[in-house]
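Participant: First the structure, then my questions, so here it is.
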């Protein structure tokens, strides 16, 4: 009987997670099924119950539930607790545990593209689960981070410096990191920033579908979120399957072809 895994989120038809996990299962000679679980918030306890009872062996979690699902699980790893968001769920010793491999994914994206953020002025757009993981990575790497949000009051506490979009001064920014879903397929004509705010700044857009977002076209130097997507997925598999995966450039390129074919 196949082991069962899945992605929990809302309006997730754009996601390529299933493609990655199915390809890796074949490569690792594993018999698994990976479901795309598009559900409402009130369904979250039911999904955790299925995990607890062994109907599923693990879940990934995406927008908009990375923080909302925490109250239904038993335990957070130190990394997930520090970030305050989870994207990977599994069971150990009858406990449902929440972990965060978005941290590894974003760190891997920066490393693979050789993006040095130390002492750079980075403006992080958005305040969701992916933003929190990216924020902790940036702080750990010594970046000077400003978080940009629509409402300052809602986001005090976790982030050190928070401003609203009208407060952006391009001359103060070296790198923009977009963690919002604005610009994701099929709404590819959207962008979280006006073009006038992007002059000589680097853009790191965590969106991977499309490969080049409208926001990315504003910059001469831009990177999408593909490596983050792949690396966080592989790190989830390391946890689920209890095995080390060599995340080489050749594997990243292989999965890139699978995703965009």
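Participant: Could you compute how fast region 208-261 diffuses translationally, taking Rh as the Kirkwood radius over C-alpha pairs and applying Stokes-Einstein at 25 °C with viscosity 0.890 mPa s? Give it in µm² per second.
Facilitator: Details: Rh = 12.5 Å.
Taking Rh from Cα pairs, D becomes 196 µm²/s.
Participant: Nearest 5 is fine: what % of DSSP beta bridges in the chain come out antiparallel, could you say? Working shown, then result.
Facilitator: On the way: 8 of 40 bridges.
Counting DSSP beta bridges with both partners in the chain, the antiparallel share is about 20 percent.
Participant: Also: Between the helical axis of 249-260 and the dominant principal axis of the chain, each derived from Cα atoms, what acute angle in degrees is found, rounded to the nearest 10?
Facilitator: Value to nearest ten degrees: 90.
Participant: What share of the DSSP beta bridges in region 1-102 is antiparallel, in percent to the nearest 5?
Facilitator: Close to 40 percent.
Participant: What number, in percent, do you get for the relative contact order of the chain if the mean sequence gap of Cα pairs under 8 Å and at least 6 apart is divided by its residue count? Let's see the in-between values first.
Facilitator: Working: 481 pairs, mean separation 40.4, N = 261.
Value for the chain: 15 percent.
Participant: Would you mind getting me the FRET efficiency between residue 153 and residue 189? Use the beta-carbon distance for r and R0 = 30 Å, nearest 0.05.
Facilitator: Numbers: r = 31 Å, r/R0 = 1.02.
After rounding, the FRET efficiency stands at 0.50.
Participant: Please report how far the C-alpha centroid of region 168-204 lies from that of region 1-60, rounded to the nearest whole angstrom.
Facilitator: Centre-to-centre distance over Cα atoms comes out at 31 Å.
Participant: Here is a further query. To the nearest 10 degrees, how steep is helix 129-140 against the longest Cα principal axis of the chain, on a 0 to 90 scale?
Facilitator: Rounded to the nearest ten degrees, it is 70.
Participant: Something else now. Using r as the Cβ-Cβ distance of residue 46 and residue 81, and R0 as 25 Å, what FRET efficiency do you calculate, to the nearest 0.05? Could you put the intermediate results ahead of the total?
Facilitator: Working: r = 24 Å, r/R0 = 0.98.
With R0 = 25 Å, the Cβ-Cβ based efficiency is 0.55.
Participant: Choose one answer from 87, 209, 200: the residue with the largest mean-square fluctuation in a GNM of the chain with alpha-carbon springs under 10 Å.
Facilitator: Of 87, 209, 200, the most mobile in the Gaussian network model is 200.
Participant: Can you tell me the FRET efficiency between residue 221 and residue 68 if r is taken as the Cβ-Cβ distance and R0 is 41 Å, rounded to the nearest 0.05?
Facilitator: Efficiency, from the Cβ-Cβ distance: 0.75.
Participant: Continuing with this model, one more query. Can you pull the one-decimal nm distance between simple spin-label points at residue 113 and residue 14, each 7 Å off the Cα toward Cβ?
Facilitator: The two pseudo-label positions are separated by 1.7 nm.
Participant: Under 10 °C and 1.306 mPa s, how fast does region 104-224 diffuse according to Stokes-Einstein, given a Kirkwood radius computed over C-alpha pairs? Answer in µm²/s, whole number.
Facilitator: After rounding, the answer is 111 µm²/s.
Participant: Roughly how many nanometres apart are two label points built 7 Å out from the Cα toward the Cβ at residue 30 and residue 211?
Facilitator: Each label point lies 7 Å from its Cα, and together they span 2.8 nm.
Participant: Follow-up question, since we're still on this one. May I ask for the angle, rounded to the nearest 10°, between helix 102-112 and the longest principal axis of the chain, with both axes built from Cα atoms and the value confined to 0 to 90°?
Facilitator: Tilt of helix 102-112: around 60 degrees.
Participant: Quickly rank 135-145, 18-28 as a protection proxy: mean count of other C-beta atoms within 10 Å, highest first. Before the final figure, lay out each step's value.
Facilitator: Values: 135-145: 19.1, 18-28: 16.7.
Most protected by this proxy first, the peptides run 135-145, 18-28.
No lab work stands behind these numbers, since they all come straight from the coordinates. Keep in mind that this is a model prediction, so the values were computed, not measured. Here the Cβ is made from the backbone with ideal geometry for all residues, glycine too, and neighbour counts use every protein chain on show.
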